[in-house]
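Colleague: I have a structure here, written as structure tokens, and I will follow up with some questions on it.
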């Protein structure tokens, strides 16, 4: 056996797909070169839609919850008096009869000022705060029967909540002093804990004018147009950016990114950005009134990572797809046109495992939820609309794809929803004059709710994996996988090329898996789903001449098949799903073989698009019994 790939054993890394060479029980790594250059999605083993090549989060303190060490020592008042381990003093004068600690409580009783210039009956922490930094103050009041006024000092004395209970306050320090005091003459208030900690203690975030951090979010009061930012990027790389806008509107500025720019209102978002300027910071801009943001994540996407997809497949398969563009500008449906339907975002857990699916509530059985492309006249062109749907209170739905214009017509698909997410699609090849294509989700003589996720329209006759969009169309480049092995891995005199594969669509152009040598394919073994419908072809090239050309028709290429082609002087065979289906006893073998590819040998045409579960190359011709077992 020579190069072996898949069969449930997969290993991937950026720009490489790992196979191995099995030589008398010894295993040697072999690598397929892989390229795509754009992000792409796949269905993972857990059934969730994920982005290939996603790396760990690199932004720090993205939920703004990180706190520094405790400023207050003996803040639970477990030590009575003013022990040496405390970080504070009791009262303005020492001793101060109005301030005491006993039984785990701090008691503050403000004495009448008399001749004192200041009456600060409380506790003081000196030189522990940093001016300009944000702090979280948490305190618990256990008794305030007389309605005493509690204050803290931040350059001036500020009243705070003195009612019984635990209270939290975030503030930006205007001084190095922290003072907590009772401001009401001859009244008593008691506390059993005081805590002061710096927010974002490692200064990961740079806060522009009007920005503040607290309560696990960053908030802008819009007093000035300014940025919240943190260094996180490298120029030119692709990143997945996640964030939650809690109120107001924030903007990602186009000066920093080539994708992902725009305005974002309340909601949870997952978008792609490609930093394009000298700045390597994640930037959020605000100037639209008060707004707040949290749960920020930044993850690099290694765009040249192969995809092992588990759609209806427990062992997984290599997914290879052509270039395609999602013509829908907002795949979450937020900008789709509506008639007798209400759209509500972020109401359900979606197929990607997060709460970002929408609810569609059809108030009329003639309701329409639709997207209209700007793709121009669809005459002679094929389009496919696809969407993930799940039943709410309604189960019967119609999908429609139609053209706007004369004679373009419409295709309708009636579907029944369940309480599980399913992807549905509808396709049409148009003939007639028009200016756009429309994709619709409509009720089928019912009213009620359905859940919606991942709307997509492609200029293809079949659907491909989900391409996320956030305000503009987006293109996924073609998967290219080739160039594995070397001359010592193959035997040009005899052998078997075996593959377990499935095409994406029945009548797609020729899709090739080959072993060969030479840029012009002077020598090679070629297995292909041919351009003719339902045809598997097998060719052999020797010294720049095609010496074998046999085929088998009647094969549904949208189904999974196990195919083996045998090459040996005057013995060439095609085995399909356990049976020999074509052969010839005439032909010459290649002079040499040096690499295996999912394409023809110049890697410029006939790229294989489909699902690959297993590929093996044997360095000797197998017996009929072995071939039957291998392909059954």
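Since every read-out is calculated from the coordinates, none of them should be taken as a lab result. Here the structure is a predicted model, which is why all the values come from computation and not from measurement. All Cβ positions, glycine included, derive from the backbone under ideal geometry; neighbour counts span all protein chains shown.
Colleague: Which of the peptides 448-454, 407-413 is most tightly packed, and how do the rest follow, going by the mean number of other Cβ atoms within 10 Å of each residue?
Modeller: 448-454, 407-413
Colleague: Okay, next question. Just one of [x] 79, 63, 50; [y] 178, 142, 73; [z] 119, 63, 43 is Cα extents along the principal axes in Å as worked out from the coordinates here. Which one is it?
Modeller: Correct label is [z].
Colleague: If each residue of separation counts as 0.36 nm, what is the full-extension length gain between residue 185 and residue 142 once their alpha-carbon separation is subtracted?
Modeller: The residue 185-residue 142 span can extend by a further 13.6 nm.
Colleague: Measuring from label point to label point, each 7 Å out along Cα→Cβ, what is the residue 203 to residue 632 span in nm?
Modeller: Modelled inter-label distance: 7.2 nm.
Colleague: Let me ask something else. How high is the FRET efficiency between residue 429 and residue 585 when r is their beta carbon distance and R₀ equals 51 Å, given to the nearest 0.05?
Modeller: Calculated transfer efficiency: 0.75.
Colleague: Then there's this: Can you sort 76, 304 by how many other beta carbons sit within 10 Å, fewest first?
Modeller: Ascending Cβ contact count within 10 Å gives the list 76, 304.
Colleague: What FRET efficiency would be calculated for the residue pair residue 28, residue 281, taking the C-beta separation as r and a Förster radius of 30 Å, to the nearest 0.05?
Modeller: E(calc), rounded to 0.05, equals 0.10.
Colleague: Just want the ordering: 77, 32, from fewest to most Cβ atoms lying within 10 Å of their own Cβ.
Modeller: 77, 32
Colleague: I would also like to ask the following. For the stretch 319-384, what class follows from the C-alpha gyration tensor (a ≥ b ≥ c being the square roots of its eigenvalues): rounded when a/c is under 1.5, otherwise prolate if a/b is larger than b/c, else oblate?
Modeller: Oblate is the answer for the stretch 319-384, as a/c is 1.5 or above yet b/c matches or exceeds a/b.
Colleague: Once you have the Cα-Cα distance between residue 176 and residue 475, take 0.36 nm times their residue separation minus that, and quote the gain in nm to one decimal.
Modeller: Extra length from residue 176 to residue 475 when fully extended: 102.3 nm.
Colleague: In nm, what is the difference between 0.36 nm times the number of residues separating residue 532 and residue 569 and their Cα-Cα distance?
Modeller: In short, 10.5 nm is gained.
Colleague: How much FRET efficiency would the formula 1/(1 + (r/R0)^6) give for residue 549 and residue 60, where r is the Cβ-Cβ distance and R0 is 45 Å, rounded to 0.05?
Modeller: Efficiency, rounded to the nearest 0.05: 0.15.
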